[in-house]
Amino acid sequence: MELKEEILGKKRKNYLSWDEYFMGVAKLTSGRSKDPHTQVGACIVGEDNRILSIGYNGAPNNFNDDDFPWNRKSESVNETKYPYVCHAEFNAILNFPGNRKDLKNSRIYVDLFPCQECAKAIIQSGIKEVIYLSDKYATSSSTQASKYMFDKTGITYRAFPEESIKEIKVSLKPDTSISYLNDEKK
């Protein structure tokens, strides 16, 4: 049975693509980070476009955020955040409540290209694609090691499409809709 257009109506055209939706979830998740310098979120997605897990950079479970050093620099590395922070990708993998085999062939959306430690966790978990928003540390040895490991293990990575970068306003007020502040779709 074929329905006429006047009966069906027209669907709206300015809805989010899957990439935009999942990167938006990663960005929103980064808002939970207590890190005053860098907020990163991650969203792991299955082959069927269902969210499997999310994570953000922060203190380990049961480690009081108020007892946590958030400094970037100090005379002792143990007085900085670096030995203690769990990265968003690592947290998303650890937060996954299912069996590790269920992460096989999934993809991960992240604000920032993964460091070499997170790259190892991504490889071990079975994630097969990394979609990143920023690669601001592209020349660092950590990022170069990540890309080398991804290349050698068949994990693909790609920048979030530039044409999909937009500003989205989300209101938590009832009966409001999402607005796209620089969207030209109508």
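Restricting to the stretch 31-42, and then to whatever is under 9 Å from Tyr56 (Cα atoms), of a type outside the set (A, V, I, L, M) and in contact with a helix residue (DSSP H, G or I) (Cβ under 6 Å, 6 or more places away or on another chain), can you tell me which residue is most open to solvent (accessible area, probe 1.4 Å)? Walk me through it before giving the result.
To start, the set of residues in the stretch 31-42 that are under 9 Å from Tyr56 (Cα atoms) comprises 31-33, 39-42.
From what's left, of a type outside the set (A, V, I, L, M): 31-33, 39, 41.
Now restrict to residues that are in contact with a helix residue (DSSP H, G or I) (Cβ under 6 Å, 6 or more places away or on another chain): 39, 41.
Numbers: Gln39: 83, Gly41: 0 Å².
Here the answer is Gln39.
Let's see how each residue does on (1) touching a residue at least 24 places away in the same chain (Cβ under 8 Å); (2) in a loop (DSSP other than H, G, I, E, B):
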position: Val130; (1), (2): yes, no
position: Ala138; (1), (2): yes, yes
position: Ala145; (1), (2): yes, no
position: Phe150; (1), (2): yes, no
position: Glu163; (1), (2): no, no
position: Lys166; (1), (2): yes, yes
position: Lys173; (1), (2): no, yes
position: Ser177; (1), (2): no, yes
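Just one of (1) in contact with an Asp or Glu (Cβ under 8 Å, 6 or more places away or on another chain); (2) under 24 Å from Asp135 (Cβ atoms); (3) among the aliphatic types (A, V, I, L, M) fails for Ala59. It is (2).
Could you pull out the residue among Glu89, Glu184 that is open to solvent by less than 20 Å² (accessible area, probe 1.4 Å) and either at pLDDT below 95 or under 19 Å from the mean Cα position of the chain (by Cα) (or both)?
Working: Glu184 fails: open to solvent by less than 20 Å² (accessible area, probe 1.4 Å).
Just one listed residue meets the conditions, Glu89.
Taken over the stretch 134-155, residues that are open to solvent by less than 60 Å² (accessible area, probe 1.4 Å) and farther than 22 Å from Asn99 by Cβ amount to 11. Within the stretch 53-92, being within 14 Å of Val40 (Cα to Cα) and in contact with a Ser or Thr (Cβ under 8 Å, 6 or more places away or on another chain) holds for Ile54, Gly55, Tyr56, Asn57, Gly58, Ala88, Ala92. The residue that is modelled with the lowest pLDDT, among those in the stretch 95-122 that are closer than 20 Å to Phe22 by Cβ, part of a helix (DSSP H, G or I) and not polar (S, T, N, Q), is Asp102. Considering the conditions (1) surrounded by fewer than 18 Cβ atoms within 10 Å (Cβ to Cβ); (2) without any contact (Cβ under 8 Å) to a residue 40 or more places away in the chain, Pro97 is excluded by exactly one of them, (2).
The values are calculated or read from the model by the stated rules, or taken from the named source; none is laboratory data. All values derive from a computational prediction rather than experimental measurement. Quick reminder, even Gly has a Cβ in these numbers, built from the backbone with ideal geometry, and neighbours come from all protein chains shown. Surface accessibility is based on the protein's heavy atoms, side chains included, excluding ligands, DNA and RNA. Shrake-Rupley method; radii C 1.70, N 1.55, O 1.52, S 1.80 Å.
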